[in-house]
Number of protein chains: 2
Amino acid sequence: MSEQPQEPIQSTEQQQEKKEQIVTPWDVDAGDDGVDYGKLINQFGSQAISEDLLERIERVTKKPVHHFLKRGIFFSHRDMHKLLDYYEQGKPFYLYTGRGPSSESMHLGHLIPFMFTKYLQDVFDVPLVVQMTDDEKFLWKKLELEEAHRLTYENAKDIIACGFDMSKTFIFSNLDYMGHLYRTVLEIEKSVTCSQVKGVFGFEDSDNIGKFSFPAIQAAPSFYTSFPHIFPETAEDKKKQKKTKRKNDIMCLIPCAIDQDPYFRVTRDVAPKLGFQKPALIHSKFFPALQGANKKMSSSSDTSSIFLTDTPKQIKDKINKHAFSGGGATKEDQEKYGANLAVDVPYQYLQFFLEDDVQLEDIREKYSTGKMLTGQVKGALIDLLQKMVAEHQERRKKITDEQVKEFLSVRKLSFTMPTKKEVVPSATTEAKKE
Amino acid sequence: MSEQPQEPIQSTEQQQEKKEQIVTPWDVDAGDDGVDYGKLINQFGSQAISEDLLERIERVTKKPVHHFLKRGIFFSHRDMHKLLDYYEQGKPFYLYTGRGPSSESMHLGHLIPFMFTKYLQDVFDVPLVVQMTDDEKFLWKKLELEEAHRLTYENAKDIIACGFDMSKTFIFSNLDYMGHLYRTVLEIEKSVTCSQVKGVFGFEDSDNIGKFSFPAIQAAPSFYTSFPHIFPETAEDKKKQKKTKRKNDIMCLIPCAIDQDPYFRVTRDVAPKLGFQKPALIHSKFFPALQGANKKMSSSSDTSSIFLTDTPKQIKDKINKHAFSGGGATKEDQEKYGANLAVDVPYQYLQFFLEDDVQLEDIREKYSTGKMLTGQVKGALIDLLQKMVAEHQERRKKITDEQVKEFLSVRKLSFTMPTKKEVVPSATTEAKKE
């Protein structure tokens, strides 16, 4: 499979083994064995999340880390140590994540960054901004503008249903918020060339001109001047727009799937030129499609995805029919050889959503050694997802249109600038400066 | 001078005579004999303004045409006959012009489109929108954002001092108005490729990404959906954004210098795809620099321009010292051969600003035949400009910051949709459909 490599390949060892993986904000296509995340870290130049970092986060937050961290689902980062240094010094930071509202219903994979962001908001007690890129979806898809705008409000309900604190969370539609964002967007646009976005995103001369400036729009919320209502004491900076006079200690932490990293590489390049801190990043793996771990779940395929609107019966049927099994081909094979968990979709979904470590370990042990059959693992997953999705639907149903409007309204957040943290010092508190 | 033509040249006859002329929104460089406007009409594919069109405008407006029209200073157009057809049928149109606020003080040349636009507003009684492209100036120049924004307000005072009717005029800063403009901008961006803007504007991959999307921002005000507060009955269209449901009878007329035409060629290309009428255009010649008619007046050169802030003494000194004369080299030569009016800057300025036809004709006749000397013509021009600039300064001084804010505020205009005009029909009323 290595005859026709599509790109220069960094790791020649792996080249022998599998097809080159393609990971861009619009396309994820891994080899048959799934995405090689170690290789992605090399390709993208980010850092693996180490045991040390996990310990440090627990020490700083005084809470156990989220199981997404413990299980390596969030696996890569940029500048997390610097962010924690700042946090310990009592400097403010905020969270920024986003969603491209292209479909009526979000699927399970879309929940991952929001579930994790909710954890970060809870343990750090910081403001969160959520960019709904309805403009991006309009530019890239066959979609009317106002349809994209309507989907922003539909998807916002699903995001709010993840339990975000309204007093600390600002969700915004680019279509509605551009008036506020535009100055920061312009500053970024002026610092990024056409060549750069062609190189990073693969745009071509036949692409529409909106695509070329969109990276500046996704970058802008990484800089606090985009939100004078959240950082009112910095509104003065915005007015002056003197780079040298900027409050240079407000950082931004961006939890996102690894495919969004190209946007933030551009953002981090630009940041110092504009007098801002580079945003820190924390990257998740992809949520696999039902058919297997070499594709991420996509909302354009009905049979590859479990949607947040699915009924218990739909969830059951999809998992039973479509979830790729790493178990033996026959009962006898499974009992004899056990399941290949690396490719088993039901087990991987459990890793994402089954919070109970003991129960998960029990399934891992039994399933991999043949003491459990695929049907039983699927059964456990069906029970879990039916409950989880039903609870989500229940929470979503209770969210009123007024609440959505409130989340999307430009207003002060009840965020208080932090103070110096009392953290028990330790050897590993030493930040690795990049 | 024809050894190294810089571009394919359409008119081979003229090729023998002079250097190729370059006319873009950022650069005007004509041959030694000045800009060949007939050739520009061919290059750009616009139409010359004919005697028929002038007559038709007089008939429709029941007023004499502006001396800029009579004297060929506005010399080229696109779709003026269609606009007049529509106007006669009682369909609404509005005026759109703009200004890039890059300098503290505007010069005489900057007044031309505004003086003409004021005439159009007066005789047609229609709303006017004025785009201040502070974003463009930030993207192209070494200029801070808020400095560009401040210049918008400074320049707006000069524009208002031209006498626009506040109840029918909306001036806007792109920095402030982008929230309202963004949907229309996006629709245009989606319909224009990177190749197209490279072809039309000569952008290169090393240019910043903001430049690539700017043509959509200058195009947007040509479409009425950018101004729901001016066309409230069409706000519904904006919400639906269904191209097929748009009110397709609201036209826009853009008075501008001919170098801005490339922006509106792109705009006119896009219009039918988005369900809009193509904007009509009416083009002016350039206002020449003091040094001669082969350069347009530029605000970056202090000695080539007369500024609206100049004192009577400055005006006198600049004209006496720098205004290029087409008169004879000596008193004797001038009396013997007369002046070459085609290159004489004082005479050309008089053509722009001396409204009295009889007086202008008297000067033309005497100066060209040697009965008048350059000093006398310069003296007449100095008197005229000293008075004109002083009056402008007087009007500008009286404009309060509150009035400027009001002109720039998003509000209803007291525009009433027109009714079918009673115009005496004539053979020349037949529109030339393009």
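Points worth noting:
- The sole residue among B:PHE307, B:PHE352 that is in contact with a His (Cβ under 6 Å, 6 or more places away or on another chain) and touching a residue at least 40 places away in the same chain (Cβ under 8 Å) is B:PHE307.
- Tally of residues being part of a helix (DSSP H, G or I) and either more than 8 Å from every other protein chain (Cβ to nearest Cβ) or crowded, with 21+ Cβ neighbours inside 10 Å (or both) across the stretch B:155-189: 21
The rows are residues; the columns are (1) under 18 Å from B:PHE286 (Cβ atoms); (2) modelled with pLDDT of 95 or more; (3) surrounded by 15 or more Cβ atoms within 10 Å (Cβ to Cβ).
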position	(1), (2), (3)
B:GLN351	yes, yes, yes
B:LEU354	no, yes, yes
B:GLN359	no, yes, no
B:SER368	no, yes, yes
B:MET372	no, yes, yes
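- For the stretch A:182-216, the set of residues classified as within 21 Å of B:GLU144 (Cβ to Cβ) and out of contact with any strand residue (DSSP E or B) (no Cβ under 8 Å at 6 or more places or on another chain) consists of A:TYR182, A:ARG183, A:THR184, A:VAL185, A:LEU186, A:GLU187, A:ILE188, A:SER213, A:ALA216, listed by residue number.
- Figure legend. Inter-residue proximity from the stretch A:186-205: first residues closer than 25 Å to A:SER226 by Cα, second residues surrounded by fewer than 17 Cβ atoms within 10 Å (Cβ to Cβ) and hydroxyl-bearing (Ser, Thr, Tyr), beta-carbon distance below 9 Å, spacing 6+ or different chains. Indicated pairs: A:THR193/B:SER206; A:CYS194/B:SER206; A:PHE201/A:THR24.
- Qualifying helices (runs of 4 or more DSSP H) (wholly inside the stretch B:32-143; at least 1 residues being touching a residue at least 40 places away in the same chain (Cβ under 8 Å) and among the hydroxyl-bearing types (Ser, Thr, Tyr)): B:37-44, B:51-61, B:80-88, B:108-124
- For B:MET132: the one exception among (1) surrounded by fewer than 23 Cβ atoms within 10 Å (Cβ to Cβ); (2) more than 10 Å from chain A (Cβ to nearest Cβ); (3) among the aliphatic types (A, V, I, L, M): (1)
- Whichever residue in the stretch B:339-374 is among the aromatic types (Phe, Trp, Tyr) and closer than 13 Å to B:GLY292 by Cβ and, among such residues, is farthest from the chain's Cα centre (by Cα): B:TYR347
- In the stretch A:191-222, of all residues being aliphatic (A, V, I, L, M) and more than 13 Å from B:PHE212 (Cα to Cα), the one that is farthest from the chain's Cα centre (by Cα) corresponds to A:VAL200.
- Residue pairs whose Cβ atoms lie under 6 Å apart, sitting 6 or more positions apart in sequence or on different chains, and linking a residue in the stretch B:231-256 that is assigned by TED's automatic domain parsing to the domain that holds B:PHE276 and at positive phi to a partner that is buried (at least 21 other Cβ atoms within 10 Å of the Cβ) and at pLDDT 80 or above, are B:GLN241/A:LEU145.
- Of all the numbered requirements in (1) closer than 20 Å to B:LYS321 by Cβ; (2) under 25 Å from the mean Cα position of the chain (by Cα), B:GLN334 misses one, and that requirement is (2).
- Of all residues making up the stretch B:334-348, the number that are surrounded by 14 or more Cβ atoms within 10 Å (Cβ to Cβ) and in contact (Cβ under 8 Å) with a residue 40 or more places away in the chain: 4
The values are calculated or read from the model by the stated rules, or taken from the named source; none is laboratory data. Please read all numbers here as calculations on a predicted model, not as lab measurements. With ideal geometry, Cβ positions are generated from the backbone for all residues, glycine too; neighbour counts draw on all protein chains shown.
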